[in-house]
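Since the structure comes first, as structure tokens, the remarks are kept for the end.
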Amino acid sequence: MKNVYSVAVVGVGGQGLLTLGSIIGYACMLSGLDVSVGEVHGMSQRGGSVIVHVRIGRNPSPIIPVGGADHIIAMELLEAARYAHYARKGGVLTANDFIWPPPLSNYPSREEIIGKMKGKELLFYLFNANDLSNRIVGSTVSANIAMLGFALGVDQELRSIVNIKHVEEALLEHFKGKVYEVNKELLHIAYNEGLKHAEKK
């Protein structure tokens, strides 16, 4: 692993971004790694734009610089486009195939956003985490867990740092009993989907 590996978790308030950052951070601690889950930029209440900075390594600055993210996990497509400039050249951007329409109705189409992402110098992966969460959990509430599993699957460097077994243990900090078991199942299904997507690149 290089000195610092940076993950930006982006989306809108209400999508479980803080939980996702916390799970990654706790999994890193279980792996014996130094980790900083940085302050949230934006409005964490429902519907506001949010970025959570996760920096893995020794003594990193808590904030990821523009162009410094190794991996961006985007829970929403408009936010993927908003924060894409945070990715380093050749970095990874995994995006949930979902648009949360902003209060103002004038926003680019799904096709325009995807086209913009594919035109950038990064590895772009699109995944319908809402749909998978709905099928496995019964609602979209665990789409964040699905996105984490998928991100680990597509990014070999990330999964070499963040062990999926430690992610399972970190889930126990947030879920218990049957809820834990179904989220663990969701994590692994999404992880395997990520591995399949990575093979196609």
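Observations, loosely collected:
- Within segment 81-118, being within 15 Å of the chain's Cα centre (by Cα) and closer than 19 Å to GLY153 by Cα holds for ALA87, GLY91, VAL92, LEU93, THR94, ALA95, ASN96, ASP97.
- Some residue of segment 81-91 being under 15 Å from GLY16 (Cα atoms), at pLDDT below 95 and not in a strand (DSSP E or B): no
- Residue, farthest from ILE136 (Cα to Cα), within segment 158-201, restricted to residues that are basic (Lys, Arg) and not in a loop (DSSP other than H, G, I, E, B): LYS200
- Failed item in (1) under 30 Å from TYR180 (Cα atoms); (2) not in a strand (DSSP E or B), with GLY11 passing the rest: (2)
- LYS165 vs. criteria under 20 Å from MET29 (Cα atoms), out of contact with any Cys (no Cβ under 8 Å at 6 or more places or on another chain) and either surrounded by fewer than 18 Cβ atoms within 10 Å (Cβ to Cβ) or not small (Gly, Ala, Ser) (or both): yes
- Hits in segment 62-93 - residues which are of a type outside the set (Lys, Arg) and surrounded by fewer than 18 Cβ atoms within 10 Å (Cβ to Cβ): PRO62, ILE63, PRO65, VAL66, GLY67, HIS85, GLY90
- Taking segment 106-157 as the range and being of a type outside the set (Asp, Glu), in contact with a strand residue (DSSP E or B) (Cβ under 6 Å, 6 or more places away or on another chain) and either free of Cβ contacts under 8 Å to residues at least 24 places away in the same chain or not in a helix (DSSP H, G or I) (or both) as the test, the residues that pass are LYS118, LEU122, LEU123, PHE124, TYR125, LEU126.
- Scope segment 1-18; condition over 11 Å from the mean Cα position of the chain (by Cα) and modelled with pLDDT of 95 or more; matching residues: TYR5, SER6
- Taking residues in segment 46-63 that are farther than 15 Å from ASN3 by Cβ, and partners anywhere that are among the hydroxyl-bearing types (Ser, Thr, Tyr) and at pLDDT below 90, the pairs with Cβ atoms closer than 7 Å and at least 6 places apart or on different chains are VAL50/SER44.
- The listed residue being farther than 23 Å from LEU195 by Cα, among the charged types (D, E, K, R) and surrounded by fewer than 22 Cβ atoms within 10 Å (Cβ to Cβ), out of GLU157, GLU112: GLU112
- Single match in VAL137, VAL154, VAL162 (criterion: farther than 20 Å from ILE72 by Cα and among the β-branched types (Val, Ile, Thr)): VAL137
- Test: SER31 is surrounded by 15 or more Cβ atoms within 10 Å (Cβ to Cβ), modelled with pLDDT under 95 and closer than 20 Å to VAL162 by Cα: yes
The values are calculated or read from the model by the stated rules, or taken from the named source; none is laboratory data. The shown structure was predicted, so the numbers you read here are calculated from the model rather than taken from an experiment. In this analysis, Cβ positions are derived from the backbone assuming ideal geometry, glycine residues included, and neighbour counts consider all displayed protein chains.
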